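Beneath this line is the structure, given in structure tokens, with notes to follow.
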Amino acid sequence: MAKTAKKISGVLLVILLIAGVVLLSASLVVTREDEYTLIKQFGKIERTISEAGLSFKTPFLETTETLPKKMMFYDTPPSDVITMDKKTMVSDSYVLWRVSDPVAFAQTLNSSVTLAETRINTTVYNAMKNVISSLSQNDVISGRDGELDQAFMDNIGNSMDNYGIELISVETKHLDLPSDNKAAVYDRMISERAQMAATYTAEGESEAQKIRNTTDKEIAISISNAQTKAAKIIAEGEAEYMRILSDAYSNSKRSDFYAFIRSLEAAKASLTGEEKTLILSKDSPIAQIFYQID
């Protein structure tokens, strides 16, 4: 009997130990660094554990569910978008996102990352469509240095907050023309640029000709004014010269002196060549000047 009781006690101890281990394991909650843990009771979220470590729950009554806490990568499928000038372009991008509110994420998306990516894809595509449809094709092409991505983020705003999702960034991998009409569009763009260049060249030549005509006109006017001014100065000089002569001849003493000076200048002008001898007749006007000297 004693052996039988001993065996029964041993079995009960083992059962109690096993039950304790099972109870302890059902009570412990392990939360990793890169995840959230949701504690639920009868499907209702009771609390959220966001810090890594061990915690406890009511065994058998409460259940756990984990959600990713890390930043996640979603590669959106390529899609066609139409610009303001009705040009089709192919957009391919990726999204960096994370769960910011695990309760809202679980309630609205049933804790499904797949449903979350579907919602993200729809939201990002609508933002791309809205932004690109308000821009011309040239503006879209010139905005590849980050301006478009920022415009996408601005258009999305906080629309994902209701789902407990934070979009960290939307990055464009590829934004180009459809392959079937790319060559035709490039040829048209080259032709348009050539026409613009020809127009600019013609406008430049026209403007240059206007400048040349204006300059030539201004030069001709300046020369004409200068010639008029020179003629006026010459006329004034000749008038002054005649006035001086008139003054000189109006006085007998000045007249004789002036005649004397003029005769000397005439005599000087006649002395040319190697011979410097001046032969004058007695009745020469120049000789008369010397005869009159006392």
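Go through segment 104-122 residue by residue and tally those that are part of a helix (DSSP H, G or I) and touching a residue at least 40 places away in the same chain (Cβ under 8 Å).
Within segment 104-122, residues that are part of a helix (DSSP H, G or I) and touching a residue at least 40 places away in the same chain (Cβ under 8 Å) number 12.
Against the condition surrounded by 15 or more Cβ atoms within 10 Å (Cβ to Cβ) and at pLDDT below 85, how does T4 come out, does it pass?
no
Would you kindly identify the strands (runs of 3 or more DSSP E) lying entirely within segment 50-103 that contain at least 3 residues that are under 38 Å from the mean Cα position of the chain (by Cα) and on the phi < 0 side of the Ramachandran plot? Show your work before the answer.
Values: elements: 53-56, 62-68, 72-75, 79-82, 88-99.
Of the strands (runs of 3 or more DSSP E) lying wholly inside segment 50-103, those with at least 3 residues that are under 38 Å from the mean Cα position of the chain (by Cα) and on the phi < 0 side of the Ramachandran plot span 72-75, 79-82, 88-99.
Within the set of pairs 6+ apart or on separate chains, which have a first residue in segment 57-76 that is closer than 24 Å to D92 by Cα, a second that is hydroxyl-bearing (S, T, Y), and C-beta atoms under 9 Å apart?
Close Cβ pairs (under 9 Å, with a partner that is hydroxyl-bearing (S, T, Y)) amount to F73/Y94; Y74/Y94; D75/S93; D75/Y94; T76/S91; T76/S93; T76/Y94; T76/Y125.
The values are calculated or read from the model by the stated rules, or taken from the named source; none is laboratory data. The structure presented is a predicted model; accordingly, all values stated were derived computationally and were not measured. Cβ sites come from the backbone with ideal geometry, for glycine too, and all protein chains shown count toward neighbours.
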